[in-house]
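The values are calculated or read from the model by the stated rules, or taken from the named source; none is laboratory data. Computed from a predicted model, the values in this text were never measured in an experiment. With ideal geometry, Cβ positions are generated from the backbone for all residues, glycine too; neighbour counts draw on all protein chains shown. Note: areas computed on protein heavy atoms with side chains; ligands, DNA, RNA excluded. Shrake-Rupley method; radii C 1.70, N 1.55, O 1.52, S 1.80 Å.
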Amino acid sequence: MILANDQLERYSRNIILKEVGTDGQMKLLNSKVLIVGTGGLGSPAAMYLAAAGIGTIGLIDPDVVDLSNLQRQIIHSNNDVGKPKVKSGKETINNLNPDVEVVTYQEWISSANITDIIKDRDYDFVIDSTDNFPAKFLINDACVLLRKSFSHAGISQLYGQTMTYVPGKGPCYRCIFLDPPPAKASPDLTEKGVLGVIPGVIGTIQATEAIKYLLGIGKLLTGKLLVFDALDMEFRKVDIAARTDCICENY
Ligand SMILES: [Zn+2]
């Protein structure tokens, strides 16, 4: 496979980077990223990965677009209200970059389907863009089991956090949070609210981690939880260690 002339032009700002180059761009075009949740975090993650030329993007989301989503879920527009989020997301990505194949899964993730979906296209990297604890533990455990690298993120109000799990290289989500908290502890954005730019910042960092992982460049947020406080405009990196009694230590 060689890059066509329009691809050389489209990706020229990537290609002139010594960290990317033509080989790196080919790697991205041959990469497959699965994004779980096509909402506030998934929107910027999917759009930047599509713009960067990730060849295959999987989108999972059971929901339809609601008017109250548009304050932060920028992959969807006014005309998409009532449309399945994965359909709306696919249309936006197709308009943005026809090089990208979008695979859609309009379903709730559960222990019954998550590993099959990850294995469906043998995704290289998974992005957790969900908004509830059970889904986050489910994604973590499936990725640990399948030895898949993934980016975790969580947001609430004016705060966000993110970390990257790489098998054998550092702690997983369960190393920090042990077990799912009670269901009512999930970050309820309808109750507590979230400033729309928060998932914009954090989802964009998740896309950055995915690109770095796929290219094999730089330092990932492995063993580090990045905590973002928009009110004080502070980013803090908290060191975290793998727990020897965690499931991730046995895979
Ligand atoms: Zn662990």
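General observations
- The overall shape of the chain is rounded: from the C-alpha gyration tensor, with semi-axes ordered a ≥ b ≥ c, the ratio a/c is less than 1.5.
- Probe 1.4 Å, protein heavy atoms only - accessible area per residue of region 1-91 in square angstrom: 46 Å²
- Distance from the alpha carbon centroid of region 122-185 to that of region 189-217 works out to 13 angstrom.
- Averaging the sequence gap over all C-alpha pairs within less than 8 Å and six or more residues apart, then dividing by the number of residues, gives region 57-99 a relative contact order of 41 percent.
- From phi via Karplus (6.51, -1.76, 1.60), per-residue ³J(HN,Hα) for region 112-121 in Hz, x at Gly/Pro: 7, 10, 5, 5, 5, 5, 4, 7, 3, 10
- Whole-Hz ³J(HN,Hα) from phi, Karplus 6.51 cos²θ - 1.76 cosθ + 1.60, for region 156-172, glycine and proline x: 6, 6, 10, 10, x, 8, 7, 8, 10, 9, 10, x, x, 10, x, x, 9
- Longest exposed-site-free window of the chain, the sites being trypsin sites (Lys or Arg not before Pro) in a DSSP loop that have at most 12 other C-beta atoms within 10 Å: 19-146
- The HN-Hα couplings worked out from phi for region 223-232 by the Karplus form 6.51 cos²θ - 1.76 cosθ + 1.60 (θ = phi - 60°) are x, 9, 9, 8, 10, 10, 10, 6, 5, 8 Hz, whole numbers, x standing for Gly and Pro.
- Of all accessible heavy-atom area on the chain, the percent that carbon and sulfur account for (1.4 Å): 52 percent
- With a Förster radius of 22 Å applied to the C-beta separation of ARG13 and LYS219, the computed FRET efficiency comes to 0.45.
- Per residue, region 206-251 exposes an accessible area of 60 Å² to a 1.4 Å probe, with every protein chain left in place.
- Cα gyration tensor, region 49-147 - rounded (a/c under 1.5), prolate or oblate: oblate
- The GNM of the chain, with springs linking C-alpha atoms under 10 angstrom apart, assigns the highest mean-square fluctuation among ASP63, ASP141, ASP116 to ASP116.
- Amide H contacts under 5 Å for VAL64, placed H, 5+ residues apart: LYS85
- Heavy-atom accessible surface of region 102-171, averaged per residue, reaches 38 Å², computed with a 1.4 Å probe.
- Label zone of ASN30 (point 7 Å out along Cα→Cβ, amide N under 14 Å): in region 1-24 this covers 1-3, 22-24.
- Oblate is the label for region 143-185, because the ratio a/c of its alpha-carbon gyration tensor axes (a ≥ b ≥ c) is 1.5 or higher and a/b is not greater than b/c.
- Computed over the chain, the per-residue total of -39500 (n - 2.57) for DSSP H runs of n ≥ 4 gives a 222 nm mean residue ellipticity of -10500 deg cm²/dmol, rounded to 500.
- Net charge of Cβ neighbours under 15 Å - reference ILE109; Lys, Arg +1; Asp, Glu -1: -4
- Amide H contacts under 5 Å for GLY58: VAL33, LEU34, ILE35, VAL103, restricted to partners 5 or more places along the chain or on a different chain, H placed in the peptide plane at 1.01 Å from N.
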